[in-house]
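The values are calculated or read from the model by the stated rules, or taken from the named source; none is laboratory data. Being a predicted model, the structure only gives us computed values, none of them experimental. Don't worry about glycine lacking a Cβ; one is built from the backbone with ideal geometry, like all the others, and counts go over all protein chains shown. Accessible surface is based on the protein model in full, side chains and every heavy atom, while ligands, DNA and RNA are left aside. Shrake-Rupley method; radii C 1.70, N 1.55, O 1.52, S 1.80 Å.
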Amino acid sequence: MINRPIWLDDKTKSIMERTIMREQSLSRLLMTYIVTGVVFMLLPGTFLGVWNLIKISSREAAESISPAWIQAHGHAQLFGWVGTFILGIGFYSIPKLRKLKPFALWEGWLCWELWTTGVLIRWFSDIYPWHWRILLPLSAVMELVAFAIFFRAVASHRPAGGTSANFAPWIFVVIAATLGLLTSLLLNVGACMQIALNADSPAFPHEFDQRYLIVSTWGFLVPMVWGFSSRWLTVFLGLRPLRNSFLLVALVLNTAGVVAGFIEQFVIATMLLLAGAISAIAAIRFFEPAAKAAKTINVHPSFPLFVRIAYAWLLIAAALSIWAALMDEAPGIWGASRHALTVGFIAAMVFCVGQRVLPSFCGMRVLWSPKLMLVMLILLMTGCTLRVSSEILAYEDYAKWAWDILPISALIELTAVGLFALNLIVTFAHPPVVAPSPLTITTE
Ligand code: HEM
């Protein structure tokens, strides 16, 4: 095939050059968010989680380690890893998907600086309680201001054509998730100020922490994954058309579940969360025969299978939470439900969808190793299955031998997470397959 030069006038050439430069700057911004998220995932997040679990297992007592260390791990995973990924992908994709006028790039960089510093300070003040009465509220305020900058950039700009945006149902779901993030950050500011004034340690009190976690997992991360699943997975998996009304029902049930959980009506809350998850799956039609072949180019062909397994984990997480709520005090079942959700569903979805979209978003790259993607997904699912089952058996005193399985599950999950980081970082280190360049454009 012969590449003919395209003859363009100066005005068109300059518009194209600006578009290409903007795309390159956006990709750089996104890559910075993703690498930051990967760093949070590896060290403050997973490594600390593994450390905590090894200590718990060696002492055979869930309550034997500092709650602040557990919360440092949870915050680094939810906000440092997944939250940073979501902000970066949001900056890159939401204005394009909604055809909004472009935001100023400095907003994206300022948000990154405040968010990263805020989450890092939070982690340090949980681990080393040095001046924590000042640092803890400061970190929470920095995270909130970073969110405000993000929100202004991706939500307040008008559509490029000047007309009002046509809100597809998936956008409602993403907006609800964004409000879930805002609520989590406001609760975080309130709680950090409260404990800085009145408490003896930087850890949130246990009862508040349980309610807060329902908001930040089911109220923020779960609908965010549903929103992007309805936008992208219908196409990537060749699914039948989305059932919009079911998706909105799912959102209403889930929001009602989060509110009920926050006011400590855990049995009703968990039943609503399960009903919401079932409606979301029925809406996106994951378990119905596909209408078209899945688009698995540049990822491992098993990608659609693992997405379906991740949604099965969502159901398991919700079902386990009902069991935990009925049992009242059951830390092993609550913990198992939480990790079925965070590892089985959220981390697996980030691994699947992240490796499908991020290489091309980050400057038209191709995933380094689809085979490694398969290996890490198998390891993640194996580690998660061992973790969820043995956490119930060990913590609830059903089987003593299960304490020996927990560290093994943690090391398997750590390997999976490490391989995900390796695949992504090597992908970013390779040059783009298609380099957008104004040099290919000539004028007369
Ligand atoms: C190698 C993988 C992981 C290990 C070994 C691990 C370990 C732990 C441990 C030992 C706890 C203490 C409570 C319990 O025993 O259940 C915990 C809590 C928690 N983990 Fe993980 N975890 C891992 C992955 C993740 C991931 C991927 C996420 C989120 C994306 C996550 C989010 C949380 C949260 C939110 C909590 C509760 C924190 C709190 O009580 O405030 N974990 N984790």
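Condition (residue is assigned to a loop (DSSP other than H, G, I, E, B), open to solvent by 40 Å² or more (accessible area, probe 1.4 Å), closer than 18 Å to Ser64 by Cβ and of a type outside the set (Phe, Trp, Tyr)) applied to segment 422-432: is it met by at least one residue?
Keep residues of segment 422-432 that are assigned to a loop (DSSP other than H, G, I, E, B), which gives 430-432.
With the extra rule that they be open to solvent by 40 Å² or more (accessible area, probe 1.4 Å), the set shrinks to 430-432.
Next, only the ones that are closer than 18 Å to Ser64 by Cβ stay: none.
Scanning segment 422-432, I find no residue that is assigned to a loop (DSSP other than H, G, I, E, B), open to solvent by 40 Å² or more (accessible area, probe 1.4 Å), closer than 18 Å to Ser64 by Cβ and of a type outside the set (Phe, Trp, Tyr), so the answer is no.
How about segment 177-231: which of its residues are farther than 29 Å from Tyr311 by Cα, within 16 Å of the ligand (Cβ to nearest atom), open to solvent by 20 Å² or more (accessible area, probe 1.4 Å) and touching a residue at least 24 places away in the same chain (Cβ under 8 Å)?
The one that is farther than 29 Å from Tyr311 by Cα, within 16 Å of the ligand (Cβ to nearest atom), open to solvent by 20 Å² or more (accessible area, probe 1.4 Å) and touching a residue at least 24 places away in the same chain (Cβ under 8 Å): Ser201.
Identify, by number, the condition in (1) at pLDDT 90 or above; (2) part of a loop (DSSP other than H, G, I, E, B); (3) of a type in the set (Ser, Thr, Tyr) that Ser164 doesn't meet.
All conditions pass for Ser164, except number (1).
How many residues does segment 319-335 contain that are closer than 14 Å to Leu213 by Cα and out of contact with any Phe, Trp or Tyr (no Cβ under 7 Å at 6 or more places or on another chain)?
Final tally of qualifying residues: 2.
May I ask you to verify whether Ile333 is open to solvent by 50 Å² or more (accessible area, probe 1.4 Å) and of a type in the set (Val, Ile, Thr)? Lay out the reasoning, then the answer.
Values: open to solvent by 50 Å² or more (accessible area, probe 1.4 Å): no; of a type in the set (Val, Ile, Thr): yes.
So Ile333 does not fit the description; no.
Give segment 355-390 a look and list any residue that's open to solvent by less than 10 Å² (accessible area, probe 1.4 Å), assigned to a helix (DSSP H, G or I) and either over 27 Å from Trp334 (Cα atoms) or of a type in the set (Phe, Trp, Tyr) (or both), or say none.
Passing the criteria: Gln355, Val357, Leu358, Pro359, Met373.
Here are some residues: Ile281, Ile297, Ile268. Which one is outside any loop (DSSP other than H, G, I, E, B) and either closer than 27 Å to Leu379 by Cα or among the polar types (S, T, N, Q) (or both)?
Ile281
Report the residue count in segment 263-302 for those that are among the hydrophobic types (A, V, I, L, M, F, W, C) and under 21 Å from the mean Cα position of the chain (by Cα). Don't jump to the end; show me each part of the working.
Step one: filter segment 263-302 for residues among the hydrophobic types (A, V, I, L, M, F, W, C), giving 263, 266-269, 271-275, 277-278, 280-284, 286-287, 290-291, 293-294, 297, 299.
After this cut, where a residue has to be under 21 Å from the mean Cα position of the chain (by Cα) as well, the list is 273-274, 277-278, 280-281, 283-284, 286, 299.
Adding up the residues that qualify gives 10.
Taking Leu393 as the residue in question, decide whether it is crowded, with 17+ Cβ neighbours inside 10 Å and over 29 Å from Trp51 (Cβ atoms).
Values: crowded, with 17+ Cβ neighbours inside 10 Å: yes; over 29 Å from Trp51 (Cβ atoms): no.
No.
Here's the yes/no breakdown for (1) touching a Leu at 6+ places or on another chain (Cβ under 6 Å); (2) open to solvent by 40 Å² or more (accessible area, probe 1.4 Å); (3) on the phi < 0 side of the Ramachandran plot:
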site: Asn254; (1), (2), (3): no, no, yes
site: Gly257; (1), (2), (3): yes, no, yes
site: Gly261; (1), (2), (3): no, no, yes
site: Ala269; (1), (2), (3): no, no, yes
site: Ala283; (1), (2), (3): yes, no, yes
site: Ala293; (1), (2), (3): no, yes, yes
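Kindly check whether there is at least one residue in segment 362-385 that is in contact with a Gly (Cβ under 7 Å, 6 or more places away or on another chain) and modelled with pLDDT of 95 or more.
Here is the first cut: in segment 362-385, the residues in contact with a Gly (Cβ under 7 Å, 6 or more places away or on another chain) are 384.
With modelled with pLDDT of 95 or more added as a condition, the list becomes 384.
For segment 362-385, residues in contact with a Gly (Cβ under 7 Å, 6 or more places away or on another chain) and modelled with pLDDT of 95 or more: present.
Identify, please: which residue in segment 72-128 is assigned to a helix (DSSP H, G or I) and among the charged types (D, E, K, R) and is, among those, farthest from Val174 (Cα to Cα)? Reasoning before the result, please.
As a first pass, look at segment 72-128 and keep what is assigned to a helix (DSSP H, G or I): 72-97, 105-127.
Of the ones still in play, those that are also among the charged types (D, E, K, R) are 96, 107, 113, 122, 126.
Values: Lys96: 14, Glu107: 20, Glu113: 24, Arg122: 26, Asp126: 30 Å.
The extreme case among them is Asp126.
Considering only segment 105-115, how many residues are open to solvent by less than 10 Å² (accessible area, probe 1.4 Å) and in contact with a Leu (Cβ under 7 Å, 6 or more places away or on another chain)?
Here is the first cut: in segment 105-115, the ones open to solvent by less than 10 Å² (accessible area, probe 1.4 Å) are 107-108, 111, 115.
Then keep just the ones that are in contact with a Leu (Cβ under 7 Å, 6 or more places away or on another chain); that gives 108, 111, 115.
The qualifying residues number 3.
Does Gly118 meet the test of being farther than 24 Å from Phe351 by Cβ and open to solvent by less than 10 Å² (accessible area, probe 1.4 Å)? Quick ask: steps written out before the conclusion?
Values: farther than 24 Å from Phe351 by Cβ: yes; open to solvent by less than 10 Å² (accessible area, probe 1.4 Å): yes.
Yes.
Give the number of residues within segment 388-444 that are of a type in the set (S, T, N, Q), more than 24 Å from Val38 (Cβ to Cβ) and either modelled with pLDDT under 95 or touching a helix residue (DSSP H, G or I) at 6+ places or on another chain (Cβ under 6 Å) (or both). If you could, list the steps in order and put the result at the bottom.
Step one: filter segment 388-444 for residues of a type in the set (S, T, N, Q), giving 389-390, 409, 415, 423, 427, 437, 440, 442-443.
Filter once more, keeping what is more than 24 Å from Val38 (Cβ to Cβ): 389-390, 437, 440, 442-443.
Retained after the next criterion (residues that are either modelled with pLDDT under 95 or touching a helix residue (DSSP H, G or I) at 6+ places or on another chain (Cβ under 6 Å) (or both)): 390, 437, 440, 442-443.
Result for segment 388-444: 5.
Among the residues of segment 238-248, is any touching a helix residue (DSSP H, G or I) at 6+ places or on another chain (Cβ under 7 Å) and over 30 Å from Asn298 (Cα atoms)?
Within segment 238-248, one or more residues are touching a helix residue (DSSP H, G or I) at 6+ places or on another chain (Cβ under 7 Å) and over 30 Å from Asn298 (Cα atoms).
Before we move on, is Ile412 open to solvent by less than 50 Å² (accessible area, probe 1.4 Å), assigned to a helix (DSSP H, G or I) and over 22 Å from Leu48 (Cβ atoms)? Step through it out loud before you land on a result.
Numbers: open to solvent by less than 50 Å² (accessible area, probe 1.4 Å): yes; assigned to a helix (DSSP H, G or I): yes; over 22 Å from Leu48 (Cβ atoms): no.
Considered against the rule, which asks whether it is open to solvent by less than 50 Å² (accessible area, probe 1.4 Å), assigned to a helix (DSSP H, G or I) and over 22 Å from Leu48 (Cβ atoms), Ile412 comes out as no.
Six or more apart or on different chains, Cβ atoms under 6 Å: show the pairs whose first residue is in segment 17-28 and of a type outside the set (Gly, Ala, Ser) and whose second is not in a helix (DSSP H, G or I).
Partner pairs satisfying both residue conditions: Ile20/Pro436.
Across segment 39-56, what is the total count of residues that are open to solvent by 70 Å² or more (accessible area, probe 1.4 Å) and either among the charged types (D, E, K, R) or under 13 Å from Val82 (Cα atoms) (or both)?
Of the residues in segment 39-56, 1 are open to solvent by 70 Å² or more (accessible area, probe 1.4 Å) and either among the charged types (D, E, K, R) or under 13 Å from Val82 (Cα atoms) (or both).
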